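Take a look at the structure below.
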Amino acid sequence: MDLSVKLGPLALKNPVIAASGTFGFGLDFAELFSPSLLGGIVLKSLTREPRIGNPAPRIAETPSGLLNSIGLENPGLDRFVSDVLPSLSMLDTRIFASIAGGKPGEFVHLASALSEHRRIDALELNVSCPNQAEGGMAFGTSPKAVESLVTQVRKATKLPLAVKLTPNVTDIAEVARAAEAGGADIISLVNTFLGLMVDWRKRTPQIAGLRGRGGVSGPAIKPMALRMVRDVFKAVRLPLIGMGGISCASDALEFIVAGASAVQVGTANLTNPMACAELPAEMARLLESECISSLSSLVGTLAD
Ligand code: RRO
């Protein structure tokens with residue numbers, strides 16, 4: 001079964017991509033399975049300067065997933081380039097660098113600097129981090145800010161450019177159209193849903209971070225994420241990467257039918273480190289069992 005997909009200018013050997021923030025820089029997982037099994041990996045979001053992230057506790061378990069406020073912990077551009085990038089040459093898969101920032105100039109600087117390095121195959125613009133005081137989700141909730149930011153980054157790079165949207169808006173299709181108008185090649189959706197967990201005995205939030213708020217991920221968000229993928233599929237012509245609570249092949253195929261050309265797996269990597277690795281073969285098996293010979297023929301076929 002040929003699972004290869006084209007996301008605008010970017011070809012992947014299969015539609016399964018490890019989501020940012022749940023897969024580090026891919027090197028620890030490479031000890032467990034060959035990254036060549038995956039269509040791609042999205043690296044942990046990078047900022048221009050190093051960030052130590054938010055205070056602990058940073059993660060709480062929900063009945064069906066996680067609440068996180070990591071706070072963009074990352075080594076910063078220079079240390080990434082000197083200490084991490086050389087080791088990525090051993091990973092035989094597409095590498096997406098995720099970039100984040102507080103100001104448009106930071107995104108532009110990162111996009112331009114990372115475009116110098118041949119090992120980076122694509123960029124994913126993170127305009128949707130819920131755990132950042134400045135920038136992050138503040139960009140992603142404003143269609144105007146998204147269009148302006150994408151336009152500026154587009155001028156700074158020739159790499160395929162994905163824009164990762166936040167679900168914390170009333171009309172995600174409007175934000176997707178803004179990313180398309182700015183020159184994005186791909187839309188990734190969705191990042192985490194803003195949430196709060198409470199320890200009622202202590203009268204405190206369960207995690208630190210911004211007033212105890214964090215991003216909710218995992219199986220609980222799948223129906224909302226699917227609805228948003230469908231809305232965006234109807235609103236733009238760009239290829240979509242769908243995510244939100246995918247942990248098995250049938251979850252992934254639901255996103256494909258809703259309109260995604262590829263999928264990302266996030267929270268599931270934390271409970272089953274083999275989650276991504278198992279998915280392509282399992283998707284092929286399910287397609288064969290339904291006598292479906294091409295994955296692309298399934299994209300967006302949901303009856304309305
Ligand atoms: O690091 C984080 O706290 C984080 C990021 Br950058 C993001 O995009 N989404 C999320 O749930 N957490």
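The values are calculated or read from the model by the stated rules, or taken from the named source; none is laboratory data. Owing to the predicted nature of the structure, the values given are computational and were not obtained by experimental measurement. We place every Cβ from the backbone using ideal geometry, glycine too, and count neighbours over all the protein chains shown. Note: areas computed on protein heavy atoms with side chains; ligands, DNA, RNA excluded. Shrake-Rupley method; radii C 1.70, N 1.55, O 1.52, S 1.80 Å.
Residues that are open to solvent by less than 10 Å² (accessible area, probe 1.4 Å), within 30 Å of residue 145 (Cα to Cα) and within 11 Å of the ligand (Cβ to nearest atom): does the stretch 77-97 have at least one? No, the stretch 77-97 contains no residue that is open to solvent by less than 10 Å² (accessible area, probe 1.4 Å), within 30 Å of residue 145 (Cα to Cα) and within 11 Å of the ligand (Cβ to nearest atom).
Looking at this structure, is residue 134 charged (D, E, K, R) and under 19 Å from residue 194 (Cα atoms)? Please lay out each step first, then the result.
Working: charged (D, E, K, R): yes; under 19 Å from residue 194 (Cα atoms): yes.
Judged against the criteria, residue 134 is a match.
Among the residues of the stretch 216-270, the one identified as under 18 Å from residue 44 (Cα atoms), open to solvent by 20 Å² or more (accessible area, probe 1.4 Å) and either in a helix (DSSP H, G or I) or away from the ligand (no atom under 16 Å from the Cβ) (or both) is 270.
Restrict the check to the stretch 46-56 and report whether at least one residue is within 28 Å of residue 278 (Cα to Cα) and either basic (Lys, Arg) or within 8 Å of the ligand (Cβ to nearest atom) (or both). Checking the stretch 46-56: not a single residue is within 28 Å of residue 278 (Cα to Cα) and either basic (Lys, Arg) or within 8 Å of the ligand (Cβ to nearest atom) (or both). Being out of contact with any Pro (no Cβ under 9 Å at 6 or more places or on another chain), more than 30 Å from residue 182 (Cβ to Cβ), part of a loop (DSSP other than H, G, I, E, B) and open to solvent by 50 Å² or more (accessible area, probe 1.4 Å) is a property that holds for residue 303.
Among the residues of the stretch 22-46, which ones are out of contact with any Ser or Thr (no Cβ under 7 Å at 6 or more places or on another chain), part of a loop (DSSP other than H, G, I, E, B), open to solvent by 30 Å² or more (accessible area, probe 1.4 Å) and of a type outside the set (A, V, I, L, M)? Listed by number, the residues that qualify are 24, 25, 28, 34. From the list 15, 9, 63, the one residue that fits, being open to solvent by 40 Å² or more (accessible area, probe 1.4 Å), closer than 20 Å to residue 248 by Cα, more than 16 Å from the ligand (Cβ to nearest atom) and touching a residue at least 60 places away in the same chain (Cβ under 8 Å), is 63.
Here is a check on your reading of the model: is residue 216 closer than 26 Å to residue 58 by Cβ, hydrophobic (A, V, I, L, M, F, W, C) and at pLDDT 95 or above? Break it down stepwise before answering.
Working: closer than 26 Å to residue 58 by Cβ: yes; hydrophobic (A, V, I, L, M, F, W, C): yes; at pLDDT 95 or above: yes.
So residue 216 passes the test.
The strands (runs of 3 or more DSSP E) found wholly in the stretch 116-198 and carrying at least 1 residues that are under 22 Å from residue 218 (Cα atoms), within 15 Å of the ligand (Cβ to nearest atom) and open to solvent by 60 Å² or more (accessible area, probe 1.4 Å) occupy 193-196. Of the residues making up the stretch 200-210, those that are under 29 Å from residue 127 (Cα atoms) and away from the ligand (no atom under 14 Å from the Cβ) are 204, 205, 206.
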